[in-house]
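The values are calculated or read from the model by the stated rules, or taken from the named source; none is laboratory data. Predicted model, so just to flag it, every value in this text is computed and none were measured. Don't worry about glycine lacking a Cβ; one is built from the backbone with ideal geometry, like all the others, and counts go over all protein chains shown.
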There are 2 protein chains.
Amino acid sequence: MDKQTITIYDVAREASVSMATVSRVVNGNANVKPATRKKVLDVIEKLDYRPNAVARGLASKKTTTVGVIVPDVTNMYFASLARGIDDVATMYKYNIILTNSDSNSEKEIKVLNTLLSKQVDGIVFMGNEITEKLREEFKRTKTPIVLAGSVDDEGDNPSVNIDYVAAVQEEVKNLIDRGNKRVAFVCGPLDQAINGKYRLKGYKQALKSAGIAYDDKLVFETDDTYKTGTLLQPALMAVNATAAMVTDDELAAGIMNGMSDADVKVPEQFEIITSNDTKLTEMVRPKMSSITQPLYDIGAVSMRLLTKLMNNEPVDEKNVLLPYGLMKRESTK
Amino acid sequence: MDKQTITIYDVAREASVSMATVSRVVNGNANVKPATRKKVLDVIEKLDYRPNAVARGLASKKTTTVGVIVPDVTNMYFASLARGIDDVATMYKYNIILTNSDSNSEKEIKVLNTLLSKQVDGIVFMGNEITEKLREEFKRTKTPIVLAGSVDDEGDNPSVNIDYVAAVQEEVKNLIDRGNKRVAFVCGPLDQAINGKYRLKGYKQALKSAGIAYDDKLVFETDDTYKTGTLLQPALMAVNATAAMVTDDELAAGIMNGMSDADVKVPEQFEIITSNDTKLTEMVRPKMSSITQPLYDIGAVSMRLLTKLMNNEPVDEKNVLLPYGLMKRESTK
DNA sequence: CGGCAATTTGAAAACGTTTTCAATTAAATC
DNA sequence: GATTTAATTGAAAACGTTTTCAAATTGCCG
């Protein structure tokens, strides 16, 4: 009645060899005579034997599974990273356990611990606000953890990112050069280092080199959602902004639609630049100009880095910066 | 040097009880004297003991992990389902191994087997073209499998969907009632049952009850991508269509933008209705009218159904149909 | 054909839990 | 206080692999 599983032992008996030998052929170990290998392979075929990965994991202390912690798969930015991660994971014979944290620190800690209890061989973490508590949990484990599209200068985890400050600085400079005296900076939570420490810094630097005074009325800290974006038009107008550097595509789409709905012409009366270059930028009208990030690659490279860490291979650069670009579309002049 | 793990045995020794007792308190078994429980709990705390889920899985034959097979997480439709799945999985203390199949039958089979070898307790499958080969693999295992947002009338797997034929029929009827004589049906691959057997059926039924002859020049079989959508305008005009029922939101967005770019006014000159009600429908201008599907809920209900199956609880309805709706936005008159 | 090295094999001990079943202890009854 | 019954405990056998180490076999050379 019960799913009668056939074990390595059954194969061994049927092929009249030892379990060890079966294990060897299953794992492609070279030290087995061709004739024996064939005999075993035939029995495996005949019995339709499939190794039990759990038992394997217990005996070998490797699960060929990695954990992926993501704020929300429903967000295109993270979905793209996740896809990159899964693809190279598959390439290296790993599977991923995917968990959504909602950027909630407690959830992150909880899920991190359940991943560790499941003995994942490594973890890819996404999410930018890394609390002291979480950092401690990171340090507690010997399981390698890499940050993907996420920064944390207090900790010392390997990471894969782009140079956020340079990218933002460059784009804001362009905006200023085009005559915008008052450029708004619309971002997600500032306590996330990626916004508060990096992007904001780029924004300030651009201002500074243009000799424009920093005005904190021009920075809008939001929750990164489309909805919030649609509501921002009045506030943006109230501070006489004529352009905005936005840190999230959905947020930017919201702002742009809010502008259009209020009959503010983009880009004629208001320019918008966004940051993540998800496919949304192309779907919206006008199409949004964006900093381009190799999203898929950030995920892919993170996972590749993780494989090295898991195999104790040397890594040349712990904190890799992938190249970014600037894609001009229709939301800028 | 090595991550010196502390085992249940260490706890047992330190608390001077047996492993069995420690196991009991860890698993919340009631048969243990309060005083003993406290003593053990204290030692667990002190030693920072964390149960090894792999060993647990081997001994108990339960991994509290379920597999999720999805064509592509990067697609909002599936991302939403996946999110619903993960949330209720978490609620029931499961984790999900997420794998992308690219709707590739070979990959699906391969990944299904690796999931099974990892001893997942159940599987949620998404993807509509279920080949005979895949169906056989489904039948081979006793591990419960539920189809989420995916149909297969040849097999007998539990599933969660909406009534696609009724939904499409209703929307196409509305289109016709509004005066459209030539309504196009733009869909993904027709060999996917959801398109070829269900939605197309609804389309035909609507035509029939309106006394309009079916014209296969009006059905456009595509690959479901935004890009393809943008290219469809000439073909649609060529057959004198004045409206389209589209089976995918990204595809619909592409068509709409293609129309706009060719100066065909939506909805005045061309009406568009889409099928998945992802948040994209709201982000695009004009906003797209859509069949509304409770995406998150389809995922959530699938997972809930799976938990019942995994616990051998009785299920009242194997093939659940969730309610759909019709959301009028700006792409229809 | 004997001796030695290299190649193949197998026995058995991990791996860290859960679970069964019997033994022990505590509680209840008269 | 002696029995009976119920509640707690522990010993040890799974669970299905990998891995170590020694034994057996094979091949090679002179």
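Values as computed for the structure displayed
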item	result
Flag if A:A35 is aliphatic (A, V, I, L, M), without any contact (Cβ under 8 Å) to a residue 12 or more places away in the chain and either farther than 26 Å from B:A59 by Cβ or within 9 Å of DNA strand C (Cβ to nearest atom) (or both)	yes
Cβ-Cβ under 6 Å pairs, at least 6 apart or on other chains, the stretch A:3-30 side more than 14 Å from every other protein chain (Cβ to nearest Cβ) and surrounded by 12 or more Cβ atoms within 10 Å (Cβ to Cβ), far side aliphatic (A, V, I, L, M) and not in a helix (DSSP H, G or I)	A:R24/A:V32; A:V25/A:V32
Selection within the stretch B:95-110 - surrounded by fewer than 19 Cβ atoms within 10 Å (Cβ to Cβ) and within 18 Å of B:A82 (Cα to Cα)	B:D102
Those residues of the stretch B:108-120 which are assigned to a helix (DSSP H, G or I) and within 9 Å of chain A (Cβ to nearest Cβ), in sequence order	B:V111, B:N113, B:T114, B:L115, B:L116, B:S117
The stretch A:15-41: number of residues that are away from DNA strand D (no atom under 11 Å from the Cβ) and at positive phi	1
Filter pass, A:N100 being in contact (Cβ under 8 Å) with a residue 12 or more places away in the chain and within 7 Å of chain B (Cβ to nearest Cβ)	yes
Considering residues of the stretch B:296-311 that are surrounded by fewer than 22 Cβ atoms within 10 Å (Cβ to Cβ) and in contact with a strand residue (DSSP E or B) (Cβ under 7 Å, 6 or more places away or on another chain) only, the residue farthest from B:A148 (Cα to Cα)	B:M310
Given (1) touching a residue at least 24 places away in the same chain (Cβ under 8 Å); (2) more than 29 Å from A:L251 (Cβ to Cβ); (3) away from chain B (no Cβ under 14 Å), number of the condition A:S105 does not satisfy	(2)
Among (1) aliphatic (A, V, I, L, M); (2) in contact with a Phe, Trp or Tyr (Cβ under 8 Å, 6 or more places away or on another chain); (3) more than 9 Å from DNA strand C (Cβ to nearest atom) - the single one B:M19 does not satisfy	(3)
Selection status of A:S331, assigned to a loop (DSSP other than H, G, I, E, B) and of a type in the set (G, A, S)	yes
In the stretch A:121-130, the residues that are modelled with pLDDT of 95 or more and away from chain B (no Cβ under 12 Å)	A:G122, A:I123, A:V124, A:F125, A:M126
Scan of the stretch B:131-181 for residues that are in a strand (DSSP E or B) and of a type in the set (S, T, Y), ordered by number	B:S159
Helices (runs of 4 or more DSSP H) lying entirely in the stretch B:206-281 (those with 2 or more residues that are away from every other protein chain (no Cβ under 13 Å))	B:233-238
Subset of the stretch A:55-89 that is more than 7 Å from chain B (Cβ to nearest Cβ) and over 22 Å from A:V111 (Cα atoms) - its residue that is farthest from DNA strand D (Cβ to nearest atom)	A:D87
Test: residue in the stretch A:45-54 that is buried (at least 20 other Cβ atoms within 10 Å of the Cβ), farther than 17 Å from A:R13 by Cα and more than 9 Å from chain B (Cβ to nearest Cβ)	no
Count of the stretch B:1-49 residues which are of a type in the set (A, V, I, L, M, F, W, C), under 19 Å from A:S117 (Cα atoms) and out of contact with any helix residue (DSSP H, G or I) (no Cβ under 7 Å at 6 or more places or on another chain)	1
Some residue of the stretch B:285-295 being surrounded by fewer than 23 Cβ atoms within 10 Å (Cβ to Cβ) and free of Cβ contacts under 8 Å to residues at least 12 places away in the same chain	no
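Listed here are the residues, each with its yes/no results for (1) farther than 26 Å from A:E282 by Cα; (2) among the small types (G, A, S).
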residue: B:I176; (1), (2): yes, no
residue: B:A206; (1), (2): yes, yes
residue: B:A252; (1), (2): no, yes
residue: B:D261; (1), (2): no, no
